[in-house]
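The block underneath contains the structure these notes are about, expressed in structure tokens.
The values are calculated or read from the model by the stated rules, or taken from the named source; none is laboratory data. Just so we're clear, the structure is a prediction, and the values are computed from it rather than from any experiment. We place every Cβ from the backbone using ideal geometry, glycine too, and count neighbours over all the protein chains shown.
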Amino acid sequence: MRYFLLITISIVTAFGLTFMIAKSGDQNSKSELLTSGDKMNNNIYDIVVKDMDNNDVPLSSYNGKVLLIVNVASYCGYTKQYKGLQEIYDKYRDQGFEVLGFPCNQFGGQEPGTNEQIAEFCSTNFNIDFKLFDKIDVNGANRSPLYERLTNNSVTEKGDVSWNFEKFLISNEGNIVKRFKSKVEPTSDELISAIERELKK
């Protein structure tokens, strides 16, 4: 009888340890998945966008660069910010800084032109030579994957883009850092200090 009890206790103990190990493994796996998911939710390097010539541009190609992503428009009260965007691009480009402009016509129909017309407008009026991309939607059902990520992550304020020339700062590892409303000028102390902090990392 005593021998039978010892065997039974051993089996129950072994079963319990196996269950605890398996459960611990499941929790670790879930933890790793959550960590990976959170990281991906805040990083843009898995996204591919189109340039103005309809070529695919993996955002991972900007690895090592600090980015400022801006939804732009040609006929907006904030269009004058093109000048400031070019100024900060000229100032910091040699330090590993890029401005990425994404034309959007969702705010008052203020970007009605074709890609060619937009490029011509920017070149003629502001001497823009930072990268401009294919026109996209930044809100709604057809929101681009990039802006889905920018407006729905665990770092910056969530929610739709409010107007043209909203800005998103991206680290040199592709992580979303900060969101700036349209009224924040490209050459403002607030934005410049944030850019410089990222460039020093």
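Being in the same structural domain as Ser74 (by TED's automatic domain parsing), within 15 Å of the chain's Cα centre (by Cα) and either in contact (Cβ under 8 Å) with a residue 12 or more places away in the chain or over 13 Å from Val66 (Cα atoms) (or both) is a description that applies to Thr156.
Listed here are the residues, each with its yes/no results for (1) under 21 Å from Leu191 (Cα atoms); (2) out of contact with any strand residue (DSSP E or B) (no Cβ under 6 Å at 6 or more places or on another chain); (3) assigned by TED's automatic domain parsing to the domain that holds Ile176.
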position: Ser74; (1), (2), (3): no, yes, yes
position: Leu85; (1), (2), (3): yes, no, yes
position: Tyr92; (1), (2), (3): yes, yes, yes
position: Gly101; (1), (2), (3): yes, no, yes
position: Asp129; (1), (2), (3): yes, yes, yes
position: Leu132; (1), (2), (3): yes, no, yes
position: Ile136; (1), (2), (3): no, no, yes
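Scanning region 154-201 for residues that are assigned to a helix (DSSP H, G or I) and closer than 24 Å to Thr79 by Cβ gives Asp189, Glu190, Leu191, Ile192, Ala194, Ile195. The set of residues from region 142-151 being in a loop (DSSP other than H, G, I, E, B) and free of Cβ contacts under 8 Å to residues at least 40 places away in the same chain comprises Asn142, Thr151.
Of all residues in region 94-146, those being more than 15 Å from Val57 (Cβ to Cβ) and aromatic (Phe, Trp, Tyr) number 4.
If you check Asn41, Asn28 for being within 11 Å of the chain's Cα centre (by Cα), modelled with pLDDT under 95 and not charged (D, E, K, R), only one passes: Asn41. A count restricted to region 87-141 and to residues that are in contact with a helix residue (DSSP H, G or I) (Cβ under 6 Å, 6 or more places away or on another chain) and in a helix (DSSP H, G or I) stands at 2. Restricted to region 66-110, and to residues that are among the aromatic types (Phe, Trp, Tyr) and under 16 Å from the mean Cα position of the chain (by Cα), which residue is nearest to Met52 (Cα to Cα)? In this case the residue turns out to be Phe102.
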